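The values are calculated or read from the model by the stated rules, or taken from the named source; none is laboratory data. As the structure is a computational prediction, the values presented were derived from the model and not from experiment. Cβ placement follows ideal geometry from the backbone for every residue including glycine, while neighbour counts extend to all protein chains displayed. Each accessible area value is taken on the protein alone, full model and side chains, heavy atoms only, with ligands, DNA and RNA left out. Shrake-Rupley method; radii C 1.70, N 1.55, O 1.52, S 1.80 Å.
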Amino acid sequence: MTSIETFRELQREATEWRRYLHENPELDYRLENTAKFVAEKLASFGINHIEMGIAETGIVALIQGEGGDGPTIGLRADMDALPIVETSNKPWSSKIPGIMHACGHDGHTAMLLGAAKHLAKSRNFKGTVALIFQPAEEVELPSGALRMVQEGIMDRFGISQVYGMHIMPGIDIGKFGIRPGPIMGSQDDFDILVKGIGGHAANPHRTVDPVVIAAQIILGLQALVSRRTDPLESLVISVTKLSAAQAYNVIPDQVAISGTVRALASTLRDFAEREIPAVARGIAQAFGGDIEFKYMRSVPATSNNSEETTLAIKAARDLVGASSVDAATRINMGAEDFAYMLQERPGAYIFVGNGPTAVCHNPAFDFDDEALPYGIGWWVKLVETILAP
Ligand code: NI
């Protein structure tokens, strides 16, 4: 039986991989060096079925078990960094100006590589493990998981279940958080163009001032959450961009408002798409203006299937004990494009504790390498649980 001690033996090597990736971050689909690094490591572990170039720089590699026929399960890691100037001051800080691994995807990649090394050696499972190394998790649509799904990886590699993980600052190292059902929110974005009649700022009565209308719209949208949404359901509407005239003495013709919508239930996405323009248009028209509206659907909520979540919990408990696995973890309203893989196949997504680091996407963030054996161990236990010969 494998234990956490087994995976500590891989920690030093995995730390080297992780720090190399941290020093050499790459963005979105442009992961040429990262993909080459991953493929070379996989080949060095004796894995001979490696397909590169899926969704540009994505990789799927297959490890056959020696325990007989069985299903193929997909294990996914994201590999991309963010356009942030690093301030961690670690010896392995980013060598690429303006790009850094601020979301732990360097750690995700190293953990799946560590699991690959172990599994390629042990092969003590039936069926097949499909390692999915994904580009472009952090980008606007179409993101990497969607592109890999659209390029047919589920059918092509016969994947019947799919699993994902993300490290989580604030959860202790050695602990896991998961829950059945929704675990991460959906993301949609919207643009409202408020149209008025511009003019001289000294004579507002000869204009239809879109700035004042925009201010009322922004406040009006808050009531969609506080007054129109069931308090026991989750909806976030955040206005994040606002632009109007560039002069002190000009009332502009129009004001652009943009924002984001996060939800757990698809019915609330429909509600937001319908009601945001209704509120905005009603307010604008009441003051003699009007609006143009665009609603851009992006990532759906990440929702765990109950049976696969039970397997994921069992794997984590086998590794760290029941008291270190929170099976009713707090939902995170951030979006995660692994949701697209979960729309295609049943599976589960888990949070792996990363201790008291800076929060993700902060310039001082750095993945804590002490988490490596736990991530590696969870992947291996998951395979040993689901594909037990
Ligand atoms: Ni991330």
If residue 377 satisfies all but one of (1) more than 19 Å from the chain's Cα centre (by Cα); (2) open to solvent by 10 Å² or more (accessible area, probe 1.4 Å), what's the number of the condition it fails?
(2)
Hey, residue 245 hits all of (1) at pLDDT below 95; (2) in contact with a helix residue (DSSP H, G or I) (Cβ under 6 Å, 6 or more places away or on another chain) but one; which does it fall short on?
(2)
Within the group 388, 328, which residue is away from the ligand (no atom under 16 Å from the Cβ), assigned to a loop (DSSP other than H, G, I, E, B), within 21 Å of residue 75 (Cα to Cα) and at pLDDT 95 or above?
388
Across the range 129-174, the tally of residues that are assigned to a strand (DSSP E or B) and open to solvent by less than 40 Å² (accessible area, probe 1.4 Å) stands at 15
Top-ranked residue in the range 279-309 [being more than 23 Å from residue 237 (Cα to Cα), touching a residue at least 60 places away in the same chain (Cβ under 8 Å) and assigned to a helix (DSSP H, G or I); ranked as least open to solvent (accessible area, probe 1.4 Å)]
309
Open to solvent by 40 Å² or more (accessible area, probe 1.4 Å) and either assigned to a helix (DSSP H, G or I) or hydrophobic (A, V, I, L, M, F, W, C) (or both) - does that describe any residue in the range 56-65?
no
Within the range 21-46, how many residues turn out to be open to solvent by less than 80 Å² (accessible area, probe 1.4 Å) and either part of a helix (DSSP H, G or I) or among the small types (Gly, Ala, Ser) (or both)?
13
